[in-house]
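The values are calculated or read from the model by the stated rules, or taken from the named source; none is laboratory data. All values reported here derive from a predicted model rather than from experimental measurement. Reconstructed Cβ throughout: ideal geometry from the backbone, glycine too, with neighbour counts over all protein chains shown.
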Amino acid sequence: MSKNQSLLWCLSGEKLPAPSYLFGTMHVRDQKAFGLIGTIETILLNCDALATEYDLDASQSLDVSWFTDLSIGKTVGEVLPEKTWLKLRRVLNKTLGIHLEFFHNAHPFLLVNTISSLILSKDMPVSLDEHLWQMAKNAGKETIGIETLEEQLAIVEKIPIEAHVKNLTQIAGNFSRYRQQTLKMAEWYASGNLAQLHRASVKGQGNLKRLLLYERNVVMAGRISVMASTRPTLFAVGAGHLAGKYGLIRLIKNKGLKISPLNA
């Protein structure tokens, strides 16, 4: 693996009291995402804090009702044309055992996330991010969010309904392709193929890449540089945020910090 393909990076510099670390995660329970867990756990125990994209404890207070409250006028049942609804219902029931009626009053974002999670294996009891969060709390480390949950929900609200409809229509039209792409993402992650993960993330988000990736990365890079200046921290964010011209690696470097790949 090329050193620049690493999922794990060390942050250092005169502004920092001690090194901090940036780790690209995959928000799944698939065992493929846990290949570096031993190394990451050791690093976490030597840091004072864990920072994930948002406070995972705050998300525990949310349930499916949040997506229905958020979705007034924007539910799956309201936005999908009848032909697409019927096709998607048939495809999801046959392939994943999903009853689309359950999501009739839910936000499309919830349905897409559910589809992706069901395609992948659930070898582990919790996702990689949740595993690190629980471990940090058990070890007495501070646990914080880089973004607030409210900021993340606001971003979901900004996604045009047309984008959700297009995504679900494509899934209904060629589910095998969507499944293959999702499985490829897990394989690329397991092999540490950061460049391919980035390309797939940018392509998959299309016209939304500025909203979902670039603008968020600018905000997160600024906050990471500030947090790292106060205490050694392990920053765990989705691997798709790391690479590229507007990726966290470059943006953090532009903040005056040294950021170096670690190949575990």
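Here is how the numbers come out for the structure above:
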read-out: Filter result (more than 17 Å from His27 (Cα to Cα) and in a helix (DSSP H, G or I)) within region 218-246; value: Val218, Val219, Met220, Ala221, Gly222, Arg223, Ile224, Ser225, Val226, Met227, Ala228
read-out: Considering residues of region 122-147 that are among the polar types (S, T, N, Q) and more than 14 Å from the chain's Cα centre (by Cα) only, the residue nearest to Leu183 (Cα to Cα); value: Gln134
read-out: Every residue from region 160-194 that is small (Gly, Ala, Ser), assigned to a helix (DSSP H, G or I) and surrounded by 14 or more Cβ atoms within 10 Å (Cβ to Cβ); value: Ala163, Ala172, Ala186, Ala190
read-out: Some residue of region 89-97 being part of a loop (DSSP other than H, G, I, E, B), in contact with a Leu (Cβ under 6 Å, 6 or more places away or on another chain), of a type in the set (A, V, I, L, M, F, W, C) and surrounded by fewer than 17 Cβ atoms within 10 Å (Cβ to Cβ); value: yes
read-out: Sole exception among (1) closer than 30 Å to Leu92 by Cα; (2) over 20 Å from the mean Cα position of the chain (by Cα) for Glu187, by number; value: (2)
read-out: Single residue of region 106-123 satisfying the filter (buried (at least 17 other Cβ atoms within 10 Å of the Cβ) and not in a helix (DSSP H, G or I)) that is modelled with the highest pLDDT; value: Leu120
read-out: Test: Gly145 is modelled with pLDDT of 95 or more, surrounded by 14 or more Cβ atoms within 10 Å (Cβ to Cβ) and in contact with a strand residue (DSSP E or B) (Cβ under 7 Å, 6 or more places away or on another chain); value: yes
read-out: Residues (within 19 Å of the chain's Cα centre (by Cα), of a type in the set (A, V, I, L, M) and modelled with pLDDT of 90 or more) located in region 51-93; value: Ala51, Leu56
read-out: Within region 229-264, considering residues that are under 15 Å from Ser20 (Cα atoms) and polar (S, T, N, Q), the one surrounded by the most Cβ atoms within 10 Å (Cβ to Cβ); value: Thr233
read-out: Subset of region 1-49 (residues that are in a loop (DSSP other than H, G, I, E, B), without any contact (Cβ under 8 Å) to a residue 40 or more places away in the chain and farther than 19 Å from Ile224 by Cα); value: Ser2
read-out: Counted residues, region 116-136 - those being without any contact (Cβ under 8 Å) to a residue 60 or more places away in the chain and among the acidic types (Asp, Glu); value: 0
read-out: Residue selected from region 229-264 under the condition under 22 Å from Leu36 (Cβ atoms) and in contact with an Asp or Glu (Cβ under 8 Å, 6 or more places away or on another chain), by the criterion modelled with the lowest pLDDT; value: Gly238
read-out: Residue list for region 248-264, filter: within 14 Å of Leu8 (Cα to Cα) and not in a helix (DSSP H, G or I); value: Lys258, Ile259, Ser260, Pro261, Leu262, Asn263, Ala264
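A quick yes/no check of all residues on (1) in contact with a Leu (Cβ under 9 Å, 6 or more places away or on another chain); (2) farther than 29 Å from Leu88 by Cβ; (3) of a type in the set (Val, Ile, Thr):
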residue: Phe109; (1), (2), (3): yes, no, no
residue: Val112; (1), (2), (3): yes, no, yes
residue: Pro125; (1), (2), (3): no, yes, no
residue: Asp129; (1), (2), (3): yes, no, no
residue: Leu132; (1), (2), (3): yes, yes, no
residue: Ala136; (1), (2), (3): yes, yes, no
residue: Ile161; (1), (2), (3): no, no, yes
residue: Val165; (1), (2), (3): yes, no, yes
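Per-residue answers, yes or no, for (1) touching a residue at least 40 places away in the same chain (Cβ under 8 Å); (2) over 23 Å from Val219 (Cβ atoms):
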| site | (1), (2) |
| --- | --- |
| Leu88 | yes, yes |
| Val91 | yes, yes |
| Leu110 | yes, yes |
| Thr114 | no, yes |
| Asn138 | no, yes |
| Glu142 | yes, no |
